[in-house]
1. Which log10 I(q)/I(0) values does the stretch 354-408 give at q = 0.13 Å⁻¹ under the Debye formula, counting every alpha carbon as one identical point scatterer?
2. Using the Karplus equation 6.51 cos²θ - 1.76 cosθ + 1.60 (θ = phi - 60°), what ³J(HN,Hα) coupling, rounded to whole Hz, does each residue of the stretch 328-338 give in order, writing x for Gly and Pro?
3. Bin width 5 Å, origin at 0, all Cα-Cα pairs of the stretch 50-192: what percent of pairs per bin?
4. Given a 1.4 angstrom probe, I'd like the percentage of the accessible area of the chain that is carbon and sulfur, rounded to a whole number.
5. How long are the three semi-axes of the equivalent ellipsoid of the stretch 252-352, in whole Å, if each is the root of 5 times an eigenvalue of the C-alpha gyration tensor, listed from largest down?
6. What are the equivalent ellipsoid semi-axes of the stretch 320-416, built from the alpha-carbon gyration tensor (square roots of five times its eigenvalues), in whole angstrom, biggest first?
7. If I stretch the segment between GLU99 and SER270 completely, what's the gain in nm (0.36 nm per residue apart, minus their alpha carbon distance), one decimal?
8. Seen from all sides and averaged, what is the projected area of the convex hull of the Cα atoms in the stretch 82-144, in nm²?
Amino acid sequence: MPTMTFRQLAEMTNGEVVQNPDLTVSSVVIDSREVKPDSVFFAIKGDRLDGHQFLPQALQTARGAVVARVPESLPRDKGIVRVADTTAALQELARSIRERYKFLLIAITGSAGKTTTKEMIAALVGTERRTWKSWGNFNNLIGAPLCLDNMPDDAEVVVSEMGMNHKGEIATLAGLTHPDVGVYTNIGPVHIEFFGTIEKIAEAKRELQENVKPDGTIVLNVDNDYVMNISRGFPGRKVTYGIDRPADYRGTDVRDRGLLGTAFELDGRSFELSLPGRHNLENLLAAIATARSIGISWEGIERGVREVKPPYHRGVILPLRGATIYDDTYNSNPYAVARAIQLLEQADVRGRRIAVIGDMLELGDRELEYHYESGRGIPLDIDFVIGVGKRSEALLDGARHAGFTEERLMHFDNAEGAANFLESFIHPGDLILIKASRGIGLDRIVTTLTTRQPTTDNAAGGRR
């Protein structure tokens, strides 16, 4: 965060100083395990835990804290600010920083690809501007403000995600900060449990453009009808990108290089993206359109594209004893599964194509229908489909009705069972896609396969 005193911190959070107003801090944390000597610890009260119970631990290292309840005993050398609500104070600090410091804010939303697109935008913009980005997928009512709260004093551009699972959340986030640029990746059936229809999801996503600065810009995926429909009433500048339809930044002469990535042409220039799949090309085109919209040169963009790498557990390629794992375990939804399966089908593979698909969460009352339809969409070129979790039974039913025979379909209740089976099932030359919602924990399969020594006996059970 910009360095400030506890007196300034109290002013910017609508709080009051309890002690040591002249101490300075330069970073914000909400996890007592992550405090540093220059940190202020915000004691956030969550659904399961209350940060106030970790205050003594945090103050062993942190310079001070923002609290809603002041404990009876406090270290005399720590700065303390009291507020009515620590979550609201965290958000208010972000709003105050946005008002007081001069920087350009880029906000990204969409149903899939937000984090990858954020990383790509930061890589491209960072070639010519001092750039700060949110870490991980911190994109909710706490994570997004934390991005601004921790920006360095000299940041020229801040790149942040804005996610949601309920209507009004993006309005809150974007209303606090009024981005200069709003970027849309795509809109599909994600978090549909809380909305009911994709149209309602689209309406909630509209909240970003409604809170972009009056002279701001929105960057739009021209190939996604939902994105284009909600943008019709936007009065500001629109910049489009895509592959299938005419756009301001349209990828042409697209050449699939399998797991090596994608080559394409844009504005008379040749590019090679090291991340595989059409979806990653879409993400990169969004990043290029965004970078160009704020004045990044083509030379800077070319340098940035060469540095692009996949974020953690989002399309990471890992070698495994002559086989290849495509680790896409961070999150999942029907839209993203279809894209990943398409990549698996198109990849150049010496051995077998194996799809390990875990449950997709937050799909609402129609979750089994969505799983079934995802299974029906799996092409018969895929050699084996392995479902993990109770909902994936419906996905396997869909694959069965698409023509898969029983010996090509397997099911496991959890990641551990699937990992034990895969250890001896995988052969050299195989390509294994592993994908599920984060809560299913299929990243544990990746960890098991890449750290254990190979076994010689097949795991019992699991085949259907």
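1. With one equal scatterer per Cα and no solvent, log10 I(q)/I(0) is -0.26.
2. Each residue's phi maps through the Karplus curve to give 10, 9, 6, 7, 7, 6, x, 4, 5, 4, 4 Hz.
3. The percentages, shortest bin first, are 2, 9, 18, 19, 16, 13, 11, 7, 3, 1, 0.
4. 47 percent
5. They are 26, 15, 13 Å, listed largest first.
6. After scaling each eigenvalue by five and taking roots: 20, 15, 13 Å.
7. Length gained between GLU99 and SER270: 57.5 nm.
8. Working: hull surface 21.0 nm².
That works out to 5.3 nm², a quarter of the Cα hull's surface.
The values are calculated or read from the model by the stated rules, or taken from the named source; none is laboratory data. In this text the structure is predicted, and so the values were computed from the model without any measurement. Please note: Cβ atoms are built from the backbone with ideal geometry, for glycine as well, and neighbour counts cover all protein chains shown. For accessibility, only protein heavy atoms count, side chains too; no ligands or nucleic acids. Shrake-Rupley method; radii C 1.70, N 1.55, O 1.52, S 1.80 Å.
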